[in-house]
Amino acid sequence: MGHCSASAFIQLVSLIILSGILSLETIKLGFCNDDNSVGCTDIERKALLMLKQGLTDPSDRLSSWVGEDCCKWSGVGCNNITGRVNMLDLRNRYSDGLNGYRSIEHAFGGEINPSLLVLKDLVYLDLSMNYFGGVQLPSFIGSLEKLKYLNLSGASFGGIIPHNIGNLSRLLYLDLGNNYGHPIETDLQWLATLSSLKYLNLEGVNLAKTTSYWLPTVNMLPSLVELHLPSCGLSILPFTLPSINFTSLLVLDLSMNVFNSPLPPWLFNLTELEMLDLTYNSMTGELPDSLGYLKSLRYLKLSVNSFQGSMPKSIGNLTSLEEFNLGWNQMSGIIPESLWELSSLVSLHIFGNTWEGAITEAHFAKLGGLRDVSIGNDSPNISLVFNISSDWIPPFKLRSLYIRSCQLGPKFPTWLRNQTELTNLVLRNSRISDTTPDWFWQLVLQLDVLDIAYNQLSGRVPNSVRFSYDSLVDLSSNRYEGPLPLWSSNITVLYLSDNLFSGPIPHNIGQVMPHLTHLDISRNSLSGSIPLSFGNLSQLTTMVISNNHLSGEIPHFWNNIPFLVAIDMSSNSLSGKIPRTLGSLTSLKYLIVSSNNLSGEVPSLKNCSDMRILDLGDNKFSGPIPASIGESMPSLKILCLRNNSFTRSIPLQLCGLSTLHILDLSHNNLSGNIPHCIDNLSGLKYEVKDIGIEVYGYQGRLGVVSKGRVLVYDSILYLVYSIDLSDNNLSGEIPVGITSLLKLGTLNLSMNHLTGNIPTNIGNLRSIETLDLSVNKLSGSIPQSMVSLTLLNHLNLSYNNLFGKIPTGNQFQTFVDPSIYEGNAGLSGCPLPIGCQENEETPKVPSGDGGEDDDDSKLEKLQFVISMVIGFCAGFWGVFGTLAIKKSWRYAYFQFLDKVKYGILDFVSAIGTYLHKGS
């Protein structure tokens, strides 16, 4: 039993309350026919017509409001004896308030005419689930003093709840909640006078001003049966309460607030509670044994909090419990045996915690009514084992089974064979290393969700499998082989990445599966070209086909797929140009086509104004970097154009990318200066937001040169702050403004023609971990401020014109490799041999009086040097000839060869000097 059962329970309680209201009045609804009843009065009929006149009625729901007897009008109820209107039910019946659905095209709007005040016997007023556009909740409603039932929920009123609502002292039922984003607030001062209230719902009403006294106010309502205060901005859940008046409470919903305290002791005195909902808060501490006092609980919802510790054994006292949701907390330990004694359990959700130990078939022996189970967590680590025999027949018929990061394998769980009522099945990262049995593919016929990713499942997937409408299928990270399966048109989300599928993508995939919204077939061995039928996938938002062997040109079908958010075609063998039609995708956030053979100039992408990641690296693109990237992509966070043939200068417009936190233009033919406006990249100064998993099932993935090597980031890509402009033809000085980029973790400006000094305040870059300024023409001394770079762990200043003493202290004490300073003749100090020790004596050179022996010695040394040079050159060009063929190898070893070259020249120069002095 899940949300539907809980909703049915709330409806039942509300119906009991409502029946109490109706039992006190004799009411005839307008859609009932009673010839013996008294007709409505003329003054009330006119008042209702005035109300109708003020309302907008797009679907003509009030078409029956004609004729003399208003008691026969739809939604109008009258007292059978007096004929006076006492009930007005104008709820939008085309909506479902419990699930948040509202049909605007059938909703009343406009204004509520004060003519309602004429209906002095009105006890029941329901305007819920209509749409009044955020207008102020009418204050005159507080003058309808006989009201016992008032429901304005979901009607999109706004403003401040009028204080004269407190005049409705006869109210039993009050629902002002869920106004669909239209702000409404109150101070609750009117609530204390509603002493007869049984039902109160203020969902979404801003109660932030009441956070210190809301509970004492509510506690003054002794008749309260249901209290719903979700999403009210409450931050304090008082730990103590001197006395408890609302002991009749059956339902308590305080979900989606910002409580960050332990469960208060007074809560366990509400022994009549049947539903407790504290989900989506930040509740802390351990669950106490006193939780077992709430023996009447049927629904216990504590998910998405920060509870810690183990599950209390007293949970076994809750013998009426039907739904237990403890998901997404920080709990751990062994699940107590008492939990498995709760024979009334229908729904068990304890996912998102770190449970330990083993679960056997004996644990489920008394849970014959179980329908929904979720257990495990998102961690790759496994601490909970299902130790179940292969011939076990479960006592239950599950509707939903969600097991993640628990050990079910190595064998495929055969007990699933009799679970013929499943609609959702998740066995993710369950250490199953078996061939998928044929009977399983028959079992999944009615599934809405199938997720068996991150196992070692093998075999071939049959094309005959059919799924329910709007299905999600995830078989990624297994060992499935053979051709890519082509399934029914009902699938909307399909993940088949990281398997052994081979052969071409089916040419008719777009016709057979036209409803796909998310497709990921990356990391397989697929070959051939991109099928033109992709153009039929008009609902597609995510297309990930990277890391395959696809070839040919990128087709021109992009105008047919207008909702695409993410495209990843990287690491294939695609050639040709980027189609201009791709630039028409206004929804595009991720475009990743790196590591292909694409060429030509980059087409205009100015319509892609919501771009977040643009990765064109490791291709053959040429021409200038389009200035439109900086002009039309204000939300761009990652720009990677590395290893292409881009020319000219870096566009100044890139400085306008205020959210950028990774900029990689390395290994191109860019010239000119580094833009002095680089300090405008405020995304490298402050924490970057909104870069996590923005597209369902897809997140950016990028290789970043850091710490001297390429590191691949995906889920933590938003934590990387990097600028790499290395291996270009950039000149001029390093802009001083670059030192204001305080979040910068990697700065690589190596292999350029930069001149001038290293900025003296480079020590401001306190987050820097990798700094490479090598192979430039920088001069001056190493700034003393660099000693402040305490996170620095990779430094390269080699082959410049730096001079002076190498700074000491902090991280510089750990840089013991002299190669990071070599090629700077004027530098001294550790770890270089020159000036490393304060009292170091200069080694004496022989006087040269050795006669013939000295000449022979010099000749031998010269021959040795010449042979070394010749040998090195032969080996060098042997390797270089190979590297000249392979572009990626050439770039990878370019810097290394430069270092070797300069090293040899220095060595030969030193030998020459030595021989000269000795002669």
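Sort LEU278, LEU792 so the one with the fewest other Cβ atoms within 10 Å of its own Cβ comes first. Before the final figure, lay out each step's value.
Values: LEU278 24, LEU792 21.
With the sparsest Cβ surroundings first, the list reads LEU792, LEU278.
Are there trypsin sites (Lys or Arg not before Pro) in region 293-337 that DSSP marks as loop and that have at most 14 other Cβ atoms within 10 Å, and which are they?
LYS295
Take GLN330, project a point 7 Å from its Cα along the Cβ direction, then tell me which residues of region 282-302 have their backbone nitrogen under 17 Å from it.
Answer for region 282-302: 282-288.
Quick one: order TYR124, TYR213 by neighbouring beta-carbon count within 10 Å, fewest to most. Before the final figure, lay out each step's value.
On the way: TYR124 22, TYR213 14.
So the ranking, lowest neighbour count to highest, is TYR213, TYR124.
According to the Cα gyration tensor, what semi-axes, each the square root of 5 times an eigenvalue, does the equivalent ellipsoid of region 160-245 have, listed from largest to smallest in whole Å?
On the way: eigenvalues 67, 57, 26 Å².
Semi-axes (√(5λ), whole Å): 18, 17, 11.
By counting other Cβ atoms within 10 Å of each Cβ, how are LYS148, LYS805, LYS72 ranked from fewest to most? If you can, show how the numbers build up before the last one.
Values: LYS148 25, LYS805 13, LYS72 22.
Least crowded to most crowded, the residues run LYS805, LYS72, LYS148.
Debye sum, Cα scatterers, region 728-829, no solvent: what log₁₀ I/I(0) at q = 0.20, 0.23, 0.25 1/Å?
At q = 0.20, 0.23, 0.25 Å⁻¹ the computed log10 ratios are -1.01, -1.40, -1.67.
How far, in nm, would the chain grow between ASP470 and ASP434 when pulled straight, counting 0.36 nm per residue and subtracting the alpha carbon separation?
The span from ASP470 to ASP434 would gain 10.1 nm if fully extended.
Quick check: pseudo-label points 7 Å beyond the Cα along Cα→Cβ at SER74 and LEU49, how many nm apart are they?
Label-label distance for SER74 and LEU49, simple model: 2.0 nm.
With just the Cα atoms defining each centre, how far is region 455-473 from region 190-250? Give it in Å.
49
Quick check: residue separation of THR420 and ASN607 times 0.36 nm, minus the Cα distance between them. What number comes out in nm? All intermediate terms of the calculation are to be shown ahead of the outcome.
Working: separation 187, 0.36 × 187 = 67.32 nm, distance 4.91 nm.
Between THR420 and ASN607, full extension yields an extra 62.4 nm.
Could I have the simple spin-label model distance between LEU486 and SER538, label points 7 Å from Cα toward Cβ, reported in nm to one decimal?
Once both label points are built, they end up 2.1 nm from each other.
Fully extended, how many nm does the chain gain between VAL385 and ASN560 (0.36 nm per residue separation, minus their Cα-Cα distance)? Each step should come with its number before you reach the end.
On the way: separation 175, 0.36 × 175 = 63.00 nm, distance 4.77 nm.
Full extension from VAL385 to ASN560 adds 58.2 nm.
In whole angstrom, how far apart do the alpha carbon centroids of region 585-605 and region 608-627 sit?
So the two Cα centres are separated by 6 Å.
Strictly over 28 Å apart at the Cα level, which of LYS301/LYS637; LYS146/LYS301; LYS46/LYS146; LYS146/LYS295; LYS606/LYS685 would you flag in this model? Kindly include the intermediate steps, with their values, before the conclusion.
Numbers: LYS301/LYS637 38 Å; LYS146/LYS301 36 Å; LYS46/LYS146 20 Å; LYS146/LYS295 37 Å; LYS606/LYS685 26 Å.
From LYS301/LYS637; LYS146/LYS301; LYS46/LYS146; LYS146/LYS295; LYS606/LYS685, over 28 Å: LYS301/LYS637; LYS146/LYS301; LYS146/LYS295.
List the chymotrypsin sites (Phe, Trp or Tyr not before Pro) within region 491-579 that DSSP assigns to loop and that have no more than 16 neighbouring Cβ atoms inside 10 Å.
Details: sites: TYR495, PHE501, PHE534, PHE557, TRP558, PHE563; in loops: PHE557, PHE563.
Loop-located and lightly packed - PHE563.
Label points 7 Å out from Cα along the Cβ direction at THR193 and TYR213: separation in nm?
Computed distance between label sites THR193 and TYR213 equals 1.6 nm.
In whole Å, how far is the Cα centre of region 800-817 from that of region 635-650?
After rounding, the separation between the Cα centres reads 32 Å.
All of the numbers you see were taken from the coordinates with simple rules; none came from a lab. Everything quoted here is computed from the prediction, not taken from an experiment. Positions of Cβ are generated from backbone atoms using ideal geometry, with glycine treated the same way; all protein chains shown enter the neighbour counts.
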